[in-house]
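Taking it in order: structure first as structure tokens, then the write-up.
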Amino acid sequence: MTALAIVVLASPALAENGNPMRGQKDFQACAPCHSLEPDRNMTGPSLGNIWGRKAGSLQSFERYSDALRSSGIIWDDRSLDAWLADPQQMVPGNEMPFQGIKDAGVRADLLAFLKEATKSGAPARTAKNQMNGMGGTMGGMMGGGGERNLKDLTPNAQVKAITYCHDTYRVTTVDGKTRAFWERNLRLKTDSSKAGPRSGAPALVPAGMMGDRADVIFAAPEEISRTIEARC
Ligand code: HEC
């Protein structure tokens, strides 16, 4: 029993044993929260250039937990394998909302993909792969990671005006169509990143699968009340 445990511990799912093609699929579990493009942060920090990086140290990410920041971990094959197996065991109190991947083979595949995709010089290709992998509906469903660029909106996705009456928002888009939403089904968000909308041109993004929910994403919070007019 003990001997077996030692053998298992001594053979982590190293990246070189994995299959990066399968790993790219497994990355869909991470993509709602993590970009592979350097400094493109979402719920979680960008994983661009993660190998050799100190945990919790990406300057542009401002939401690290103290637990991860002070963990002293350097990310390499072994530490990433342990993190993905059970993040809470490795760094108690960290704030990554993720259970872990129990299957060592899946971790090896994922690490093989990540090692390739997060090297500097790889970002253009991988960012595109990541977008394709996500698919439109998945992005919406997961509440998403801001995977779409909102600078170039089609007329049916660019908001022209929003009115608010009793419990209803009416959102008029540039193509002249108006859609009504129950107030609890319309979420008002901001995205100040370079993928976010232009100032004065908020985006209407469907959310959920039933078509009754949507996000309006603004360039900055002060635009929200400026855009919404209380009128019946
Ligand atoms: C629901 C969102 C979410 C999912 C899903 C998720 N992560 Fe994370 N991840 C985070 C957050 C948030 C942090 C920062 C945690 C902290 O500061 O305690 C993080 C941190 C990390 C870090 C440390 C980065 C650093 O700069 O030190 C790595 C590596 C990582 N995640 C990899 C992954 C991988 C690989 C997957 C998929 C198997 C994944 N994560 C799934 C949100 C997520």
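Considering only the stretch 73-88, I want to know if a residue exists there that is at pLDDT 95 or above, assigned to a loop (DSSP other than H, G, I, E, B) and surrounded by fewer than 17 Cβ atoms within 10 Å (Cβ to Cβ).
Start the filter on the stretch 73-88 by keeping residues that are at pLDDT 95 or above, which leaves 73-88.
Among the residues that remain, those that are also assigned to a loop (DSSP other than H, G, I, E, B) are: 73, 75-76, 86.
Still in the list and also surrounded by fewer than 17 Cβ atoms within 10 Å (Cβ to Cβ): 76, 86.
Yes, because at least one residue in the stretch 73-88 is at pLDDT 95 or above, assigned to a loop (DSSP other than H, G, I, E, B) and surrounded by fewer than 17 Cβ atoms within 10 Å (Cβ to Cβ).
I need the full set of residues from the stretch 198-232 which are touching a strand residue (DSSP E or B) at 6+ places or on another chain (Cβ under 7 Å), assigned to a loop (DSSP other than H, G, I, E, B), over 25 Å from residue 38 (Cα atoms) and of a type in the set (A, V, I, L, M), in order please.
201
Quick check on residue 68: is it touching an Asp or Glu at 6+ places or on another chain (Cβ under 8 Å), near the ligand (Cβ under 8 Å from one of its atoms), open to solvent by less than 80 Å² (accessible area, probe 1.4 Å) and in a loop (DSSP other than H, G, I, E, B)?
On the way: touching an Asp or Glu at 6+ places or on another chain (Cβ under 8 Å): yes; near the ligand (Cβ under 8 Å from one of its atoms): yes; open to solvent by less than 80 Å² (accessible area, probe 1.4 Å): yes; in a loop (DSSP other than H, G, I, E, B): no.
Answer is no for this residue.
Quickly run through the stretch 5-23 and pick out the residues that are at pLDDT 95 or above and surrounded by 22 or more Cβ atoms within 10 Å (Cβ to Cβ).
The one that is at pLDDT 95 or above and surrounded by 22 or more Cβ atoms within 10 Å (Cβ to Cβ): 23.
Would you point out which residue out of 38, 32 is within 10 Å of the ligand (Cβ to nearest atom) and assigned to a loop (DSSP other than H, G, I, E, B)? Full working, then the answer.
On the way: 38 fails: within 10 Å of the ligand (Cβ to nearest atom).
After ruling out the rest, the residue left standing is 32.
Assess whether residue 147 counts as being outside the structural domain of residue 32 (by TED's automatic domain parsing) and at pLDDT below 95. Full working, then the answer.
Values: outside the structural domain of residue 32 (by TED's automatic domain parsing): yes; at pLDDT below 95: yes.
Spelling it out, residue 147 is indeed outside the structural domain of residue 32 (by TED's automatic domain parsing) and at pLDDT below 95.
Report yes if residue 63 is assigned by TED's automatic domain parsing to the domain that holds residue 43, more than 6 Å from the ligand (Cβ to nearest atom) and over 16 Å from residue 34 (Cβ atoms), otherwise no.
Numbers: assigned by TED's automatic domain parsing to the domain that holds residue 43: yes; more than 6 Å from the ligand (Cβ to nearest atom): yes; over 16 Å from residue 34 (Cβ atoms): no.
Spelling it out, it is not the case that residue 63 is assigned by TED's automatic domain parsing to the domain that holds residue 43, more than 6 Å from the ligand (Cβ to nearest atom) and over 16 Å from residue 34 (Cβ atoms).
Return the residue satisfying two criteria in turn: it lies in the stretch 181-197 and is surrounded by 13 or more Cβ atoms within 10 Å (Cβ to Cβ) and either of a type in the set (Ser, Thr, Tyr) or outside any loop (DSSP other than H, G, I, E, B) (or both), and of such residues it is modelled with the lowest pLDDT. Don't jump to the end; show me each part of the working.
Going residue by residue through the stretch 181-197, those that are surrounded by 13 or more Cβ atoms within 10 Å (Cβ to Cβ) are 181, 185-191, 193, 195-197.
Add one more test, that the residue is either of a type in the set (Ser, Thr, Tyr) or outside any loop (DSSP other than H, G, I, E, B) (or both), and what stays is 181, 185-190, 193.
On the way: 181: 94, 185: 95, 186: 96, 187: 96, 188: 97, 189: 97, 190: 97, 193: 91.
Looking at the filtered set, the residue picked out is 193.
Tally the residues that are in a helix (DSSP H, G or I) and within 20 Å of residue 18 (Cβ to Cβ), restricting the search to the stretch 89-113. First the steps, then the outcome.
Filtering the stretch 89-113 for residues in a helix (DSSP H, G or I) gives 89-90, 104-113.
Subsequent filtering for residues that are within 20 Å of residue 18 (Cβ to Cβ) retains 90, 104-113.
Here the count works out to 11.
Pull up the stretch 43-60, narrow it to residues that are more than 8 Å from the ligand (Cβ to nearest atom) and out of contact with any Lys or Arg (no Cβ under 7 Å at 6 or more places or on another chain), then point me to the one that is least open to solvent (accessible area, probe 1.4 Å).
48
Starting from the stretch 88-109, take each residue that is closer than 20 Å to residue 25 by Cα and list its partners that are among the acidic types (Asp, Glu) and assigned to a loop (DSSP other than H, G, I, E, B), counting only C-beta distances under 6 angstrom and pairs at least six apart or across chains.
Filtered contacts from the stretch 88-109: 100/86.
The values are calculated or read from the model by the stated rules, or taken from the named source; none is laboratory data. None of the values given here were measured: they were computed from a predicted structure. Cβ: placed from backbone, ideal geometry, glycine included. Neighbour counts: every protein chain shown. Note: areas computed on protein heavy atoms with side chains; ligands, DNA, RNA excluded. Shrake-Rupley method; radii C 1.70, N 1.55, O 1.52, S 1.80 Å.
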